1. Take residue 231 and residue 172, extend 7 Å from each Cα along the Cα→Cβ direction, and tell me the distance between the two endpoints in nm.
2. Compute the Kirkwood hydrodynamic radius of the range 95-144, taking the inverse of the mean of 1/r over all pairs of distinct Cα atoms, and give it in Å to one decimal.
3. Points 7 angstrom from Cα along the Cβ direction at residue 221 and residue 207: gap in nanometres?
4. Which angle from 0 to 90°, rounded to the nearest 10, does the C-alpha axis of helix 39-50 make with the longest principal axis of the chain?
5. Just to confirm the number: angle between the C-alpha axis of helix 173-188 and the first principal axis of the chain, 0 to 90 degrees, nearest 10?
6. In whole Å, what are the Cα extents of the range 12-89 along the three principal axes, biggest one first?
7. Put a dot 7 Å past each Cα toward the Cβ at residue 243 and residue 53; how far apart are the dots in nm?
8. Got a sec? How would 10, 128, 105 order by Cβ neighbour count within 10 Å, fewest to most?
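Just so it is clear, none of the values below were taken in a lab; they were calculated from the coordinates. Keep in mind that what you see is a predicted model, and the values were worked out from it rather than measured. So basically every Cβ, Gly included, is an ideal-geometry build from the backbone, and we count neighbours across all protein chains shown.
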């Protein structure tokens with residue numbers, strides 16, 4: 001393929017991406033500086049929270065964590081395969097009509113590792129955006145892997161109109177240090193930072209309601225003040241979040257009145273306020 005043909009093909013793909021994404025009102029990436037902070041769990045429950053607030057059948061999740069795709073399991077649609085029609089590849093449908101695309105749907109089985117170099121990851125993300133028939137969406141949440149590598153760069157390249165990123169952290173000092181790298185990464189790529197969320201922020205006893213700061217707390221708010229970024233909220237630890245995720249049942253739907261569920265709903269309110277101001 002000549003250079004001219006390569007450029008033409010790239011332009012055609014970008015055109016298809018734009019046509020698909022023009023049907024999506026808001027595109028938000030979920031990032032974290034390190035692994036183990038609950039990013040995929042947060043993304044899934046954030047999607048459910050949006051769906052319950054008037055956006056049923058209008059929310060999508062792109063699971064771009066190729067090496068550890070866990071969104072399908074958390075939504076109870078693990079082990080399924082994608083299909084297609086005349087308009088393209090169809091996303092799988094989860095609770096409340098959430099549309100999901102993940103590499104988990106194209107792997108032979110859950111034990112198959114993804115051994116891809118950067119260019120292949122970029123091509124897969126591009127194809128997910130260009131070939132998937134997402135349809136009309138109010139929100140597309142993109143669950144990115146930890147760090148500032150190929151996947152995040154590809155999203156920034158193919159979605160120049162991204163509404164912004166949400167940075168997830170936990171109270172530990174190690175996590176707080178790498179959060180600053182995530183924020184600076186977004187700023188260098190001219191991606192708006194919608195805000196910071198502190199996950200695993202204390203444990204609320206389900207019996208007496210007492211809050212215990214197992215991993216300290218307040219680090220997320222402190223960093224948001226240092227970097228002049230909105231602080232979206234704290235999500236307390238609740239062991240049922242892990243249990244529900246393992247069982248493919250979104251936590252918010254199972255425990256609507258829990259402190260963690262209420263925290264998610266408050267975060268959604270702040271995100272919508274941010275988007276309205278933009």
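1. 2.1 nm
2. Taking the inverse mean of 1/r over all distinct Cα pairs, the range 95-144 comes out at 12.8 Å.
3. 2.8 nm
4. It is inclined by approximately 90 degrees.
5. 40 degrees
6. Here the spans come out as 37, 30, 27 Å, largest first.
7. In this crude label model, residue 53 to residue 243 measures out at 2.7 nm.
8. Details: 10 11, 128 23, 105 20.
Neighbour counts put them in this order, fewest first: 10, 105, 128.
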